[in-house]
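Colleague: This structure is in structure tokens; I'll ask about it shortly.
The values are calculated or read from the model by the stated rules, or taken from the named source; none is laboratory data. It should be emphasised that the depicted structure is a prediction, and the values quoted were computed from it without experimental measurement. Neighbour counts run over all protein chains shown; Cβ positions are idealised from the backbone, glycine included.
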Amino acid sequence: MKRFRILFAACACVAATPAVAQASTINAADTAWMIAATALVLLMTIPGLALFYAGLVRKKNLLATMAQSFAAVMFISVLWFAFGYSLTFSGDGAWLGNLDKLFFKGMDLSSVNSLASNLPESLFATYQMTFAVITCALIAGSVADRMRFSAFIIFMIAWFFVVYVPSAHWIWGGGFLSAWGVMDFAGGIVVHLNAGVAGVVAAYVLGSRRGYGTENLAPYDLTMAAVGTALLWVGWFGFNGGSALTASSRASMAILATHLAACSGAIAWMAMEWWLRKKPSVLGIISGAIAGLGTITPASGFILPWHGVVIGLAAGIVCFWACTWLKERLRYDDSLDVFGIHGIGGILGTVLTGVFAVGAFTVTKDLPQGQQGLLEGNAAQVLTQLIGVGICFVWCAVGTWVILKIVDVLVGLRVSLDHERMGLDITQHGESVHT
């Protein structure tokens, strides 16, 4: 009898194995691609953004600027694990997720999220984590050279909860903007608009850098910035291509549109600079590439390749205008032009998504005919995009201003004039670059 029970148990296990395999929806090819895409997006922050920003500030602030990128990775990753993922991607609330996934509760080798049932939930959560990280890190470019490191950390943590998590849920986590039909493939609103608006508000609240407009504030090392741009450019393939969440033709089309937009954005910015200033600068070329990359982000998975070229050209021209004429008229010191490139680019790209979106590329189980843009006869999509931009712009601007005022009371936002003169590397971190 004992042998019979053992034999029966063994047979039951063997019989159960195929059923478990069939029930699993995790796709190996998709998983492999998304592991690579996750690494690429993290590469965008460290070392990509860290090098890009560090090369654009003065030597005495190089390490402090890098430290802000590393701080974003450190703090936001842990906060995403503890609270952010659950509040963004669990539940079906119109305004915010629930607490079911706090500290990745219930996550194991077989768990999936209904928003990406082809992937292990641990991978989906990690991929989305890298988006939260780079969004917070981007803001640092607007306040470079003058913000206390302690103030930046407190601000970043509060901003993550007040601005990033809600807007990410509204658009990507099943919130009300998603229900309204707002289209944002990889972060035109969630990442770029939010970072840019937060940056310009912070620039106004902190005030201009000492010597802005009167002293030479030229970049320390443009070769470092160019290397950072190259890493961002390549990493963006994971950023936009990975947002397909599958190893598919949509991912490859998004990568193609992304690359073409970066190239055409760099060409347009270079042409504007060559025409107006008689020389094409390296800073202009890399700025145009970043403008093209940021602007194509919300549309990348919804459009044809030639749309990417048009959007990139528009990005190079419009973002150049924003970083020169508009910046001078509005009189703000956005140190590394986060608003002019990411904020304006995010707005432009989100609106153009409503113009160029191809219905055949946007088909889902809920929208079997897809979401068409203006070129396919759906002018209402442009209005929907503008509504999404307006709501998130106001929410981000107000939330950022309130957080900054509170942080200023708690620890003070800005270093003293003497510390700013000495440089943040020494005064905030007690070290410096000696070469």
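Colleague: Go over the candidates Ala251, Ala247 one by one and state the one that is more than 26 Å from Ser142 (Cβ to Cβ) and outside any loop (DSSP other than H, G, I, E, B).
Modeller: Within the list Ala251, Ala247, the selection yields Ala251.
Colleague: Looking at Gly312, is it more than 20 Å from Leu138 (Cα to Cα), touching a Cys at 6+ places or on another chain (Cβ under 9 Å) and surrounded by 23 or more Cβ atoms within 10 Å (Cβ to Cβ)?
Modeller: It is true that Gly312 is more than 20 Å from Leu138 (Cα to Cα), touching a Cys at 6+ places or on another chain (Cβ under 9 Å) and surrounded by 23 or more Cβ atoms within 10 Å (Cβ to Cβ).
Colleague: While we're here: What are the residues in segment 270-309 that are within 21 Å of Val355 (Cβ to Cβ), crowded, with 22+ Cβ neighbours inside 10 Å and of a type in the set (A, V, I, L, M, F, W, C), if any?
Modeller: Of everything in segment 270-309, those that are within 21 Å of Val355 (Cβ to Cβ), crowded, with 22+ Cβ neighbours inside 10 Å and of a type in the set (A, V, I, L, M, F, W, C) turn out to be Ala291, Leu293, Ile296, Ala299, Phe302, Ile303.
Colleague: Looking only at segment 323-340, decide whether some residue is surrounded by fewer than 18 Cβ atoms within 10 Å (Cβ to Cβ) and of a type in the set (Lys, Arg).
Modeller: Yes; the residues of segment 323-340 include at least one that is surrounded by fewer than 18 Cβ atoms within 10 Å (Cβ to Cβ) and of a type in the set (Lys, Arg).
Okay, residues lined up against (1) over 30 Å from Gly373 (Cα atoms); (2) outside any helix (DSSP H, G or I); (3) more than 18 Å from the chain's Cα centre (by Cα):
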residue	(1), (2), (3)
Trp95	no, yes, yes
Asp100	yes, yes, yes
Gly106	yes, yes, yes
Leu109	yes, yes, yes
Gln128	no, no, no
Ser142	yes, no, no
Trp170	no, no, no
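Colleague: Please count how many residues of segment 417-432 are touching a helix residue (DSSP H, G or I) at 6+ places or on another chain (Cβ under 9 Å) and not in a helix (DSSP H, G or I).
Modeller: Final tally of qualifying residues: 3.
Colleague: Within segment 185-218, can you find the residues that are of a type in the set (Phe, Trp, Tyr) and in a helix (DSSP H, G or I)?
Modeller: Tyr204 - this is the single residue of segment 185-218 that is of a type in the set (Phe, Trp, Tyr) and in a helix (DSSP H, G or I).
Colleague: Test Phe89 against the stated conditions and say whether it is surrounded by 15 or more Cβ atoms within 10 Å (Cβ to Cβ) and in contact with a strand residue (DSSP E or B) (Cβ under 7 Å, 6 or more places away or on another chain).
Modeller: When the stated conditions are applied, Phe89 passes them.
Colleague: Next question. If a residue counts only when it is aromatic (Phe, Trp, Tyr) and modelled with pLDDT of 95 or more, which helices (runs of 4 or more DSSP H) contained entirely in segment 293-394 have at least 2 such residues?
Modeller: By residue number, 305-321.
Colleague: Out of the residues in segment 215-257 meeting the condition of being in contact with a helix residue (DSSP H, G or I) (Cβ under 6 Å, 6 or more places away or on another chain) and of a type in the set (S, T, N, Q), tell me which one is surrounded by the fewest Cβ atoms within 10 Å (Cβ to Cβ).
Modeller: Looking at residues that are in contact with a helix residue (DSSP H, G or I) (Cβ under 6 Å, 6 or more places away or on another chain) and of a type in the set (S, T, N, Q), I get Thr246.
Colleague: Being over 17 Å from Leu123 (Cβ atoms) and in contact (Cβ under 8 Å) with a residue 40 or more places away in the chain is the filter here, so list the residues in segment 236-254 that pass it.
Modeller: Trp236, Phe237, Asn240, Arg250, Met253, Ala254
Here's the yes/no breakdown for (1) surrounded by 16 or more Cβ atoms within 10 Å (Cβ to Cβ); (2) touching a Gly at 6+ places or on another chain (Cβ under 6 Å); (3) farther than 18 Å from Ser142 by Cα:
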{"residue": "Gln385", "(1), (2), (3)": "yes, yes, yes"}
{"residue": "Val389", "(1), (2), (3)": "yes, no, yes"}
{"residue": "Phe393", "(1), (2), (3)": "yes, no, no"}
{"residue": "Ile406", "(1), (2), (3)": "no, no, yes"}
{"residue": "Val411", "(1), (2), (3)": "no, no, yes"}
{"residue": "Leu424", "(1), (2), (3)": "yes, no, no"}
{"residue": "His429", "(1), (2), (3)": "no, no, yes"}
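Colleague: Another one. Against the definition (under 15 Å from the mean Cα position of the chain (by Cα), part of a helix (DSSP H, G or I), polar (S, T, N, Q) and closer than 20 Å to Gly390 by Cα), how does Asn240 come out, yes or no?
Modeller: Spelling it out, it is not the case that Asn240 is under 15 Å from the mean Cα position of the chain (by Cα), part of a helix (DSSP H, G or I), polar (S, T, N, Q) and closer than 20 Å to Gly390 by Cα.
Colleague: Looking at segment 54-68, is at least one residue modelled with pLDDT of 95 or more, surrounded by 15 or more Cβ atoms within 10 Å (Cβ to Cβ) and under 30 Å from Leu177 (Cα atoms)?
Modeller: no
Colleague: Then there is this: Given (1) assigned to a loop (DSSP other than H, G, I, E, B); (2) surrounded by fewer than 24 Cβ atoms within 10 Å (Cβ to Cβ), where does Val182 come up short, assuming only one miss?
Modeller: Just one mismatch for Val182, condition (2).
Colleague: Do you know which residues across segment 281-303 are in contact (Cβ under 8 Å) with a residue 40 or more places away in the chain, over 17 Å from the mean Cα position of the chain (by Cα) and under 21 Å from Val227 (Cα atoms)?
Modeller: Val282, Leu283, Ile286
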